[in-house]
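Down below is the structure, laid out as structure tokens.
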Amino acid sequence: MTAEPVSRVPGQRHASGYDEPTRERLLADAAAIVARYPQQRSALLPLLHLVQAEDGYVSPRGITFAAQTLGLTTAEVSAVATFYTQFKRHPNGTYTVGVCTTALCAVMGGDAIWEELVEHLGIGHDETTDDGAVTLERVECNAACDYAPVVMVNWEFFDNQTPDSATALVDDLRAGRPVTPTRGADQVVTFKQMSRVLAGFPDGRADEGVGAGPATLVGLRVAHENGWAAPAHGEHGDGASVTPTDAAPPTGTPGSSAERTPTTPADSAPPAATPRAKRPGTQEKGS
Amino acid sequence: MATTLTPVLSAHWDADRAWSMASYEASGGYAGLRKALAMAPADLVTTVKDSGLRGRGGAGFPTGMKWSFLSPPDGGPRYLVVNADESEPGTCKDVPLLLASPHALVEGMAITAFAIGCHHAFVYIRGEVLHATRRLQQAVAEAYAAGYLGKDVLGTGFDLELTVHVGAGAYICGEETALLDSLEGLRGQPRLKPPFPAAAGLYARPTTVNNVETIASVPGIVLGGASWFTSMGTERSAGHGLFSLSGHVERPGQYEAPLGITLRELLEMAGGIRKGHQLKFWTPGGSSTPLFTAEHLDVPLDYESVGKAGSMLGTRALQIFDETTSVVRAVTRWLEFYKHESCGKCTPCREGTYWLVAILKRLEGGQGAPGDIELLLDLCDNILGRAFCALGDGATSPVTSAVKYFREEFEAGMHTPADVLFPPENSSLFAYTPRPRAQLAGVHR
């Protein structure tokens with residue numbers, strides 16, 4: 001069985017490798033990763049996610065493993081690992097709690113949530129609670145600004161947070177109670193489990209959770225309420241049939257078309273501009 | 001005339017299990033691929049050229065032209081790489097698309113790959129969006145099982161592999177050449193251009209790098225035709241686009257509209273600025289696009305009009321701030337982002353963002369020195385146009401535009417802290433009492 005990885009203590013030797021069954025398992029995973037790419041070095045980022053799935057951080061033995069797998073030096077692997085924020089240099093907590101403090105979230109309340117969690121947990125950025133449950137991070141814009149302020153737990157979305165909701169969230173995490181993201185799986189998985197998905201090994205949870213949150217659908221709802229829609233295909237003369245949009249001759253059987261060389265002017269030059277119909281994206285005010 | 005919304009990509013996001021292949025096909029999904037496979041690849045490129053589709057990832061480069069710039073076939077591989085590294089502050093359109101409708105991207109990729117003669121395509125998705133990754137992985141697996149990907153796609157003899165590649169937290173990897181280096185297993189640093197990716201991209205082979213929304217728009221163009229697409233939008237900024245409203249608005253969210261809609265029109269649909277407040281400043285397309293103010297409410301949000309008004313359409317990420325917000329505070333947070341995300345390759349960006357943050361922090365704290373504003377502008381002048389890639393250029397946008405419109409707030413920063421002039425509890429969406437900073441343990445400021 002694999003010994004639990006520990007932080008490297010200066011002057012002491014660190015765990016230098018995986019035991020044989022673990023190594024066999026990791027090699028099989030690594031082979032599956034390498035097979036995805038035309039050149040094996042492309043497998044490095046997913047391999048480092050795989051190392052984090054095993055050890056909870058980019059461990060010295062994980063760096064050695066990745067280097068051996070790809071025929072690189074450990075220095076080359078370390079150089080890449082240190083570039084990326086998600087690759088951790090020391091054991092991560094079971095849950096990374098990230099508070100977005102980029103401008104939009106910060107102003108909407110992210111700064112307040114950050115202050116609250118720092119005080120509540122007694123730790124700062126990239127520090128972990130003594131029980132190993134929570135690693136706190138100031139994170140940067142996570143593409144959910146319409147749900148600001150946002151908190152991420154193991155990179156699942158917790159939308160429209162407040163200081164109270166965020167402290168309740170970390171209390172649940174520390175107590176081992178399951179927590180459910182706003183837009184995500186039914187339950188937040190651990191840092192190691194998450195890392196395995198990022199390495200490209202699905203965990204079967206894709207069908208859990210909502211397809212879209214309310215802010216994602218707000219424009220669609222306005223369109224429905226007003227009876228607005230994009231123009232239908234075929235309203236403009238060239239989209240109704242399944243023939244090509246220009247005057248090219250029939251392309252023959254499927255497959256042969258891929259090898260066709262230019263035979264008509266339309267193959268190499270755009271057809272003459274068609275007269276523009278009225279813009280269906282517009283309507284008279286009040287109609 | 002008032003512009004109305006035109007949901008295309010977002011039209012089925014509210015469907016039951018919208019992310020599943022069954023739901024996507026029920027709403028007409030993969031008909032575009034079937035039609036495309038019966039067309040000549042060159043005709044597909046021409047159709048996309050004629051549609052006027054321009055890159056939706058911010059730069060706005062004409063997509064069909066980008067494809068036609070690929071070096072001519074020489075028998076070796078050609079690659080399509082989709083940029084799903086959505087990280088520009090304010091930008092939040094591709095991730096919801098991938099959560100709700102990942103098959104739109106997969107179908108668009110299959111069509112694009114066929115059009116450009118690519119047999120192995122990649123999606124580079126940022127590592128910080130776990131559930132979007134799950135949905136994309138599943139969509140790809142479903143598409144393989146249904147014969148839309150893999151050997152002999154739909155019996156046409158066309159082969160296509162599609163690999164989902166997950167990043168690991170680096171904004172710079174949204175820059176297309178840094179993305180390619182990262183995909184090759186290196187540190188994500190931008191490459192010197194030329195050669196451009198069209199000549200020497202992934203593994204030094206001809207490569208096109210396109211944004212998620214761009215590629216997801218392709219099936220509709222194939223089905224509807226170029227003139228269907230140009231019937232929306234303006235002459236030179238054709239088609240539909242996702243406009244992402246965030247911040248101090250009543251109903252923030254995704255609004256899919258023809259390019260050329262105005263913020264005034266969008267705000268009307270979004271219920272306006274939050275009650276009792278007024279618009280102060282906003283970004284038209286993410287933090288790298290110069291700020292706008294209330295005087296720009298009627299600027300048509302298309303590439304040309306926004307450019308003429310002194311900013312950039314970018315990713316249509318409309319971050320909206322009301323009069324309670326300190327522009328110095330907002331700009332400082334943005335610059336902290338750029339400082340952290342600077343890859344370190346070039347000196348103007350690496351050092352420049354560091355010093356910009358140092359000066360902005362003392363201005364935010366009310367401890368600015370005389371001449372600090374000139375120093376900020378001088379630093380920006382030494383970054384803009386001298387940085388290796390667009391990240392450095394983009395970092396100067398919030399600073400120079402904020403000084404241009406709100407110089408007096410920076411002047412106030414020489415004697416009064418921003419949180420005294422603009423108490424943060426007035427800007428937040430909930431009531432709270434800010435803590436004196438000295439009481440905080442472990443805050444890295």
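When B:D43, A:D164 are sorted by how many other C-beta atoms sit within 10 angstrom of their C-beta, beginning with the fewest, the order is A:D164, B:D43. Taking other Cβ atoms within 10 Å as a rough exposure proxy, B:T262, B:T289 sort from fewest to most as B:T262, B:T289. Using the alpha-carbon atoms, what tilt in degrees (0 to 90, nearest 10) does helix B:347-364 show relative to the longest principal axis of chain B? Relative to chain B, helix B:347-364 is tipped by roughly 40 degrees. Using C-alpha pairs below 8 Å separated by at least 6 residues, the relative contact order for chain B is 16 percent. Given +1 at the Cβ of Lys and Arg, -1 at the Cβ of Asp and Glu and no other charges, the dipole of the protein assembly as shown around its Cα centre is 1000 debye to the nearest 20. Taken one residue at a time, the phi angles of region B:23-39 give Karplus couplings (6.51, -1.76, 1.60, θ = phi - 60°) of 5, 5, 5, 5, 9, x, x, 6, 5, x, 5, 4, 5, 4, 5, 8, 9 Hz. Gly and Pro are set to x. Per residue of peptide A:194-202, the mean number of Cβ atoms on other chains within 10 Å of the residue Cβ is 4.
Is there a pair in A:K192/B:K151; A:K88/B:K339; B:K49/B:K151; B:K308/B:K361; B:K66/B:K345; B:K93/B:K193 whose C-alpha atoms are over 25 Å apart, and which pairs would that be? Listed pairs above 25 Å: A:K192/B:K151; B:K49/B:K151; B:K308/B:K361; B:K66/B:K345; B:K93/B:K193. This model, with +1 at the C-beta of Lys and Arg and -1 at the C-beta of Asp and Glu, gives region B:327-427 a dipole about its Cα centre of some 320 debye. Out of B:R362, B:R316, B:R54, any idea which swings most in a Gaussian network model of chain B, alpha carbons joined below 10 Å? Ranking B:R362, B:R316, B:R54 by mean-square fluctuation puts B:R362 first.
Rounded to 0.05, the FRET efficiency of the A:T22 and A:Q193 pair, given R0 = 22 Å and the Cβ-Cβ distance, is 0.85. Which lysines, on any chain, are close to B:K275 with Cα under 21 Å apart, when same-chain ones fewer than 8 places away are left out? Counting by Cα, and skipping residues close in sequence, B:K275 has no lysines nearby.
The mean of 1/r over all distinct Cα pairs in the protein assembly as shown, once inverted, gives the Kirkwood hydrodynamic radius of 26.2 Å.
From most to least packed by mean Cβ count within 10 Å, the peptides B:107-114, B:182-189 give B:107-114, B:182-189. A cut-off of 5 Å between modelled amide H atoms, ignoring neighbours fewer than 5 places along the same chain, links B:G241 with B:A257, B:L259.
Ordering B:A198, B:S10, B:L301 by the projection of their Cα atoms onto the charge dipole of chain B, which places +1 on the Cβ of Lys and Arg and -1 on the Cβ of Asp and Glu, puts B:A198 at the extreme positive end. The antiparallel fraction among DSSP beta bridges confined to the protein assembly as shown stands at about 50%. Scaling against 2.2 N^0.38 Å puts the C-alpha radius of gyration of region B:327-427 at 1.03. Phi-derived couplings, Karplus 6.51 cos²θ - 1.76 cosθ + 1.60 at θ = phi - 60°, listed residue by residue for region A:83-94: 7, 9, 4, 6, 8, 8, 9, 9, x, 8, x, 4 Hz, with x used for Gly and Pro. Largest mean-square fluctuation among B:A121, B:A84, B:A200, in a Gaussian network model of chain B whose springs join Cα atoms under 10 Å apart, belongs to B:A200. Extending 7 Å from the Cα toward the beta-carbon at both B:A294 and A:A75 defines two label points whose distance is 6.0 nm. Per-residue Karplus couplings for region B:178-189, computed as 6.51 cos²θ - 1.76 cosθ + 1.60 with θ equal to phi - 60°, are listed in order as 5, 4, 5, 4, 4, 5, 8, x, 10, 4, x, 10 Hz, Gly and Pro entered as x.
The percentage of C-alpha pairs in region B:63-205 whose separation is greater than 18 Å is 57%. Shielding by partners for peptide B:136-148, expressed as the average number of C-beta atoms from other protein chains within 10 Å of each residue's C-beta, is 1.
Inter-part distance, region B:290-320 to region B:16-37, computed on C-alpha centroids, equals 34 Å.
Positive-end ranking of A:V118, A:T180, A:T135 along the dipole of region A:95-196, with charges on Cβ about the Cα centre, is headed by A:T180. Under 5 Å from the amide H of B:I320 lie the amide H atoms of B:S246, B:G247, B:H248, each residue being 5 or more positions distant or on a separate chain, with H modelled from the backbone and absent for Pro and chain starts. Based on Cα contacts under 8 Å between residues 6+ apart, region A:85-217 shows a relative contact order of 25 percent. Projecting the Cα positions of B:G365, B:F337, B:V327 onto the charge dipole of region B:327-427 (unit charges on Cβ atoms of Lys, Arg, Asp and Glu, taken about the Cα centre) puts B:F337 furthest along the positive direction. As a proxy for reagent exposure, B:E425, B:E364, A:E225 were ordered by neighbouring Cβ count within 10 angstrom, fewest first; the result is A:E225, B:E425, B:E364. Per residue, chain B reaches -12000 deg cm²/dmol at 222 nm when only DSSP H runs of four or more residues are counted, each adding -39500 (n - 2.57). In chain B, the longest principal axis of the Cα atoms and the axis of helix B:372-383 are about 20 degrees apart. Tell me the angle of helix B:327-341 to the major Cα principal axis of chain B, expressed in degrees between 0 and 90 and rounded to the nearest ten. Helix B:327-341 sits at roughly 50 degrees to that axis. Translational diffusion of region B:278-374, estimated by Stokes-Einstein from the Kirkwood radius over alpha carbon pairs at 10 °C in a medium of 1.306 mPa s, is 108 µm² per second.
Of the three principal axes defined by the Cα atoms of region A:153-194, the extents in descending order read 27, 22, 14 Å.
Put simply, the amide H of A:R183, placed in the peptide plane, has neighbours under 5 Å in A:F157, A:D159, leaving out anything fewer than 5 places away on its chain.
Read-outs: derived from the displayed coordinates by stated rules, not from any lab. Values in this document were obtained by computation on a predicted structure and should not be read as measured data. Quick reminder, even Gly has a Cβ in these numbers, built from the backbone with ideal geometry, and neighbours come from all protein chains shown.
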